[in-house]
Amino acid sequence: MADSRLTTPSFLVLGIIDKLGEASPYDVKVEAARTVAPFWSMPHAQVYAQCDRLVEAGLLSEVRQTGGRNRRVMKLTVAGKAALDEWLGDPTFVPVEARERGILKLWFGARPEVLAPVQLTEHHATLAGYEELAESVGELLTRGQREALEFGIRYERMMVDFWQWVEQRGS
C-alpha cells in the first residue's frame, strides 16, 4: 500500500499499536477512547476496518491467540514502523476542520440566546476536566501528549470566550 493511500485513521491505528507494542482491534479502540478521543474521534467499526487494511497491506502482522477468545493480536511490521516514522516526520500542514455542531446551528439560524448558555456550560465543564487532568497527571505525560492536552485546554478556553461573546452580543 502506497503511503498516499494511508489515511489519518490508518496512522492512528499504527501509532496506538506502536505505543502499546501489540494490541487487538479492541485494545486499539479502548486506547483511542482513553487517549486521543478528545481531539480525534474514530468510530468503533473503523478501527476494525483499519486493522484489516493494515494487515492486508503488510504494515501490521497478526497472530491469533489460541484458547479463550481466540483474540487477534497485531504488531507493527518493519514496513509499518517505517510508514509511521515517515508520517510523524512529515511537517505538511493540513487545515483544521472544527466540526462544531453549535457553530453549524448558528450558521443555519439557530437562536444564539438558546445555544450560548448550554455551549458555555459544556465547554466550561470540558475545560475543567482538561485542567484537572493536566494538574493530576501532566508531569507523567510525554512532551507530545502534554502538548496535545494543552491544545485541548486552549481550544476550550477559546470556545468559552467565543460563546461568551455570542451571549453578550444578544444583550
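The values are calculated or read from the model by the stated rules, or taken from the named source; none is laboratory data. For clarity, every value in this text was computed on a predicted model and none was experimentally measured. Here Cβ is always computed from backbone atoms with ideal geometry, including for glycine, and neighbour counts include all displayed protein chains. Surface areas here come from the heavy atoms of the whole protein model, side chains and all, with no ligands, DNA or RNA. Shrake-Rupley method; radii C 1.70, N 1.55, O 1.52, S 1.80 Å.
Details
- Using a probe of 1.4 angstrom and keeping all protein chains present, the accessible surface of the chain works out to 67 square angstrom per residue.
- In the chain, helical runs assigned H by DSSP with n ≥ 4 each contribute -39500 (n - 2.57); averaged across all residues and rounded to the nearest 500, the mean residue ellipticity at 222 nm is -21000 deg cm²/dmol.
- Centre separation in Å (Cα based) which lies between segment 67-101 and segment 23-38: 12 Å
- The gain in end-to-end length when the residue 35 to residue 161 segment is fully stretched comes to 42.8 nm, 0.36 nm per residue minus the alpha carbon separation.
- Partners for residue 19 among lysines (Cα-Cα distance below 22 Å; same-chain residues under 8 apart left out): 29, 75, 81
- For the chain, the longest principal axis of the Cα atoms and the long axis of helix 78-88 meet at an angle of about 20 degrees.
- Rounded tilt (10° steps) of 25-35 against the dominant C-alpha axis of the chain: 30 degrees
- Compactness relative to 2.2 N^0.38 Å, alpha carbon Rg of the chain: 1.26
- For the chain, the residue among 152, 104, 78 whose Cα projects farthest onto the positive side of the dipole built from Cβ charges is 78.
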